[in-house]
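Below: the structure, in structure tokens.
Bear in mind that the values in this text are calculations on the coordinates, not laboratory data. Here the structure is a predicted model, which is why all the values come from computation and not from measurement. Virtual Cβ from ideal backbone geometry, glycine too; neighbours counted across all protein chains shown.
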Amino acid sequence: MEARLSKIEQQDASSSSENELSPRDLIHSLVVAGAVVAGALASGWPERPIQWLLLVVAAILGGLAPHTRLIVRIRLRGLKVLRPVRPYRLRLVLLGILALVVAAGSGRLLVAATEFGELVILSGADYGLGGQRQALIDQWNSLPDRPHARIVSVPGNADDQHGAMLDAAQRGGRGVDIYNLDNPFMAEFVDAGYLRALDSIKLDLNAFLRGPLETCRRHSKWWGLPLNTDAGLLFYRNDLIGGDPAFRNWADLTTAVEEVFAHEQVLAGAGLNHRELEAGYVGQFASYEGLTVNTLEAIWAAGGEVVDAKGNLVIDDPEMRPKVQAALDSLVAGLSGRHPRVILPPADSYAESSATQAFRDGRAIFLRNWPIAYFELTRPPGMAKPFAVTELPGPSVLGGQNLAVAAHSDQPQAALELIRFLTSDFSQRLLFERGGFAPTRVSVFADTNLGQRYPYLRTLRLAVERARPRPQTPYYARFSEKFRTGILYALQNNGKLPDQFATDLEAVLRDGS
């Protein structure tokens, strides 16, 4: 036994030179520790001090793993026999601890390739042509080494879709990896903790138009990427409106309507007038988000404002009050029964599709709608009458949808890769050319071939660049509801807003009450 013990000690002594720190060991340590840090940073953490501490511990453990023989010699004593623990076993122990530390600290996987399972996008219904969003998902699913993706569509208008997505998020967001949100609802979902910040991810931000991209920023962090943008356009009958019109305000548009109808009266005497023509303008004045959008645009066209860039309510300020009132008076007069009718009478019940149909049927000279209406009017059966596109009399509301990673997704890296795919140059071109969605990437707008095929693309870019976002508040849904309730009251009461209108809006902006 003593001879055996002596032999083991001699072996230990003879191997002491192997336990010295070699250049190769040092390189191994730096590589493993660096890989741990790089992987953690690429995955979007650390975000809190405790995660930084865990990252340091993980890096140290990773650095020790390649040369474990320099760690304290662990020996098991039994029957007076010393037996060294094999180095590879200690390495496995250290790497196991490393994995636990990283998983506990980040709560997410470090490499997208290790994330398994189906990716689910919760989105509003695709009102584009030919289901191009699904076509992109099909292309993603055809690529190798990608998790399968699926779109779950929420029917209804913007209000219905917001309600369904909010309900899913409030129930924990389980089973949802990506939200496709209308941009005014980003603040609500961010402040409620329903989204995952993307600040730690390197994003090609300069590739996107600034306005749509900024709707993804809150509290100095990025929370998504814009899938498509939107800006209201003014479609007009260019057989009735000559040249390349530019309307500075609502009065200019009203004058144009009066001139067309005066000309129609002359033609009527000869039996040559457009007999289906009923009014000058059709928009979206039904009691949903469309009424908020159309009213904000009317107020902006009159030089007024409701909420300033700092989030302060200014609709009742002495400077703004007359401008807001002028906009409301114009809407009331436009919806009145006088001749010529400026606004198509049933417009107070119209949403986007019904307004487009009225314009297609030749019942109005002008149509206010989103860019997708261009494709609806040009694709079969199309519109029999000739039309063109220009900008609205004032700035448009900035519309569009943003793709954001759900806070509770267990596949955040794969979700981000899918978002990058859906917002890529290739995807943006497909969504525009085949689906009619306004693109968010500068490269698509700058494409001269697309500009020649779609002459209104330049007008669309100008409209997007001039467009203004809706109030950035976590209580936007409640604000919009309160706002349009007051506007409906005004339209039914000769332009007079409710007495407590400004006070109620102020309370909503402050705390959502």
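Each residue in Leu296, Leu122 was given a count of other beta-carbon atoms within 10 angstrom of its own, and listing them fewest first yields Leu122, Leu296.
If the limit is 29 Å between Cα atoms, which of Lys385/Lys482; Lys323/Lys482; Lys310/Lys482; Lys385/Lys496 go over it?
Correct reply: Lys385/Lys482; Lys385/Lys496.
Amide H contacts for Ser396 (H built 1.01 Å from N in the peptide plane; partners 5 or more residues away or on another chain; cut-off under 5 Å): Ala467, Arg468.
Give the distance, in whole Å, between the Cα centre of segment 326-399 and the Cα centre of segment 285-310. If we compute the Cα centre of each part, the gap is 16 Å.
Mind running the shape call on segment 337-464? Use the C-alpha gyration tensor, a ≥ b ≥ c as the square roots of the eigenvalues: rounded below 1.5 for a/c, prolate if a/b tops b/c, oblate otherwise. It comes out prolate by the Cα gyration axes. The alpha-carbon of Lys221 sits under 15 angstrom from the alpha-carbons of these aspartates and glutamates, leaving out residues fewer than 8 places away in its chain: Glu47, Glu188, Asp191, Asp199, Asp204. Each peptide in 144-150, 313-319 gets a packing score, the mean of other Cβ atoms within 10 Å over its residues, and the list from highest to lowest is 313-319, 144-150. With θ taken as phi - 60° and the Karplus curve 6.51 cos²θ - 1.76 cosθ + 1.60 applied, the whole-hertz 3J(HN,Hα) list for segment 153-166 is 8, 9, x, x, 7, 4, 5, 5, 5, 4, x, 5, 5, 5 Hz, x standing for glycine and proline.
Near the amide H of Leu195, under 5 Å away, which other amide H atoms are found, from residues 5 or more places off or on another chain, if H is placed in the peptide plane? Amide H neighbours of Leu195, under 5 Å, 5+ apart: Ala407. What is the list of residues in segment 365-403 whose amide nitrogen lies under 19 Å from a point 7 angstrom out from the Cα of Arg453, following Cα to Cβ? Under cut-off, by backbone N: 371-380, 382. Around Gly304, what is the net charge, scoring Lys/Arg as +1 and Asp/Glu as -1 over all other residues with Cβ under 10 Å from its Cβ? Residues near Gly304 contribute -1 overall.
Fewest neighbouring Cβ atoms within 10 Å first, the residues Glu481, Glu276 line up as Glu276, Glu481.
Neighbour counts of other Cβ atoms within 10 Å put Lys496, Lys323 in the fewest-to-most order Lys496, Lys323.
Ranked by the mean number of other Cβ atoms within 10 Å per residue, highest first, peptides 432-445, 124-137 order as 432-445, 124-137.
Semi-axes of the equivalent ellipsoid of segment 190-246 are 37, 13, 8 Å, computed as sqrt(5λ) over the eigenvalues of the C-alpha gyration tensor in descending order.
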